[in-house]
Amino acid sequence: MQLSDNSRGILAMVAAVGFFSLMDALMKLLAASYPPMQVAAMRGMASLPLVCCYVLWQRETASLLWVRWPLHLMRGIMGVVMLSLFAYGLQTLTLTDAYAISFIAPLLITLLAIPFLNEKATPTHWLCLCGGLVGVWIAMKPSGAVMFSTGALAILGASVCYAGSAVTGRVLSRTDTSSSLVFWMTLLMATGA
């Protein structure tokens with residue numbers, strides 16, 4: 001039986017989310033024993049060989065040098081800060097609390113896309129954004145002390161960096177290859193930018 005492109009895309013997304021969840025669980029374990037910057041670097045170093053194999057497989061090594069360096073550097077720094085803050089937050093929060101706070105990132109991406117990508121937001125978008133914020137607030141159980149802890153603020157900062165990195169990646173994708181976006185982000189995270 002041949003799968004449609006949509007079905008393959010859905011399966012790939014489910015697998016990716018599963019691997020990201022596994023990676024975050026491993027980060028939680030590592031964050032208990034290692035400093036946040038080291039956890040971020042270990043994640044980058046573990047990914048770098050796979051990314052290099054992908055770039056070689058795609059035969060896009062020549063495209064790695066002709067990129068918009070300032071934006072790649074800014075995106076790499078945001079990635080390092082994001083992973084470090086996320087690892088720090090995982091030291092004090094449960095994964096469920098960390099994920100509940102990080103669900104604000106897609107909302108921030110939408111907000112940042114308006115001024116930086118010149119995208120338009122309809123009244124329906126604004127209603128969905130407000131609904132999403134209410135959902136994050138409810139998931140955080142606002143009566144709990146977790147909301148204003150340093151771990152929660154770190155996860156919130158990580159979400160802001162993630163949103164900034166995503167928008168910067170979108171800007172870069174207009175001129176640079178996807179291989180260069182993944183390669184330089186991973187390399188900069190591995191080296192701590």
Within the bounds of the stretch 143-161, is there any residue that is under 23 Å from residue 52 (Cα atoms), touching a Ser or Thr at 6+ places or on another chain (Cβ under 8 Å) and at pLDDT 90 or above? no
Of (1) under 16 Å from the mean Cα position of the chain (by Cα); (2) crowded, with 16+ Cβ neighbours inside 10 Å, residue 22 satisfies all except one. Which? (2)
Out of curiosity, is residue 111 open to solvent by 30 Å² or more (accessible area, probe 1.4 Å) and under 18 Å from the mean Cα position of the chain (by Cα)? yes
Helices (runs of 4 or more DSSP H) lying entirely in the stretch 97-193 (those with 2 or more residues that are of a type in the set (Val, Ile, Thr) and within 18 Å of residue 79 (Cβ to Cβ)): 150-172, 178-191
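This table checks each residue for (1) under 27 Å from residue 148 (Cβ atoms); (2) surrounded by fewer than 20 Cβ atoms within 10 Å (Cβ to Cβ).
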position: 40; (1), (2): yes, no
position: 49; (1), (2): no, yes
position: 73; (1), (2): no, yes
position: 81; (1), (2): yes, no
position: 98; (1), (2): yes, no
position: 106; (1), (2): yes, yes
position: 117; (1), (2): no, yes
position: 126; (1), (2): yes, yes
position: 132; (1), (2): yes, yes
Search result, residues across the stretch 83-96 that are outside any loop (DSSP other than H, G, I, E, B) and either touching a strand residue (DSSP E or B) at 6+ places or on another chain (Cβ under 7 Å) or surrounded by fewer than 23 Cβ atoms within 10 Å (Cβ to Cβ) (or both): 91, 92, 95, 96
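The values are calculated or read from the model by the stated rules, or taken from the named source; none is laboratory data. Keep in mind that what you see is a predicted model, and the values were worked out from it rather than measured. Virtual Cβ from ideal backbone geometry, glycine too; neighbours counted across all protein chains shown. The accessibility values were calculated without ligands, DNA or RNA, using every heavy atom of the protein model including side chains. Shrake-Rupley method; radii C 1.70, N 1.55, O 1.52, S 1.80 Å.
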